[in-house]
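Below is one structure, written out as structure tokens, with a few remarks after it.
We did not get these values from a lab; they are worked out from the coordinates using the rules stated. Keep in mind the model is a prediction, meaning the values are calculated, not measured. Positions of Cβ are backbone-derived with ideal geometry, glycine not excepted, and every protein chain shown enters the neighbour counts.
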Amino acid sequence: MSCDCSNTPSNQPPSPSERRGVMLKLGIGLMGIGGAIASIPLIGYAITPALKKYKNSWIDLGGTADFPEGETRLGKFTNPNASPTDGASAEQAVWVRSYKPAQFQVFAVNCAHLGCPVKWFQQSKLFMCPCHGGVYYEDGSHASGPPPRGLFEYKWKIENGRLLIDAGRLPGLEQTV
Ligand code: FES
């Protein structure tokens, strides 16, 4: 017994609705692949900070006695993440405020507006930015001018009478004053 297979439905050309279904599945598949490729940079952006290693995070700024209570003084250190080609730009500065015994605030010198170095004025007890007139109170909070927030702060700790700051990582927007 033989079969005349040329008349089976599988040999018929697909109907328009079947073609639409195939094209729809193909389109969804291609969009999925495109979406996966487009999301790679976003995923990288999200997880890179967690994977990044910061070396020599804790940097010695000096003895705590170098930063007397009631004063705000400039502290200097070399960026532990600097490369040999950075030259003088590897040298960094911070403002260190000692406001109680063994209590400090360590501010990035860069203005929270566009990054100009702010200067401390002891008499008025204000930080002022020479670029656009940004002003900060002694605790780093925003006083006036264009900066959208206060000065960024470094984490700090005291070990064996030395003031250390977490300088492997620049203070950023994840921090609040
Ligand atoms: S950079 Fe300081 S006010 Fe603009």
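Observations
- Per-residue 3J(HN,Hα) values for region 68-79, derived from phi via the Karplus relation 6.51 cos²θ - 1.76 cosθ + 1.60 with θ = phi - 60°, read x, 4, x, 10, 10, 10, 7, x, 10, 7, 9, 4 Hz in sequence order (x marks Gly and Pro).
- Positive minus negative residues near Asp66 (Lys, Arg vs Asp, Glu; Cβ under 15 Å): 0
- Residue-averaged [θ]222 nm for the chain, counting only DSSP H segments that reach four residues, each worth -39500 (n - 2.57): -7500 deg cm²/dmol
- Alpha-carbon centroids, region 67-114 and region 129-170: separation in whole Å: 8 Å
- Overall, the chain carries a charge dipole of about 140 debye about its Cα centre when +1 sits on the Cβ of Lys and Arg and -1 on the Cβ of Asp and Glu, all other atoms neutral.
- Cα gyration tensor category, rounded, prolate or oblate, for region 58-166 with a/c compared to 1.5: oblate
- Long-range amide H partners of Lys155 with built H, under 5 Å: Asp166
- Unit charges at the beta carbon, dipole of the chain: most positive-side option, Gly87, Gly145, Asn11: Asn11
- Under a 5 Å amide H cut-off, with hydrogens placed 1.01 Å from N, Ala143 pairs with Val135, Tyr136, Tyr137 among residues at least 5 apart or on other chains.
- For Gly62, distant residues with modelled amide H under 5 Å away: Leu163
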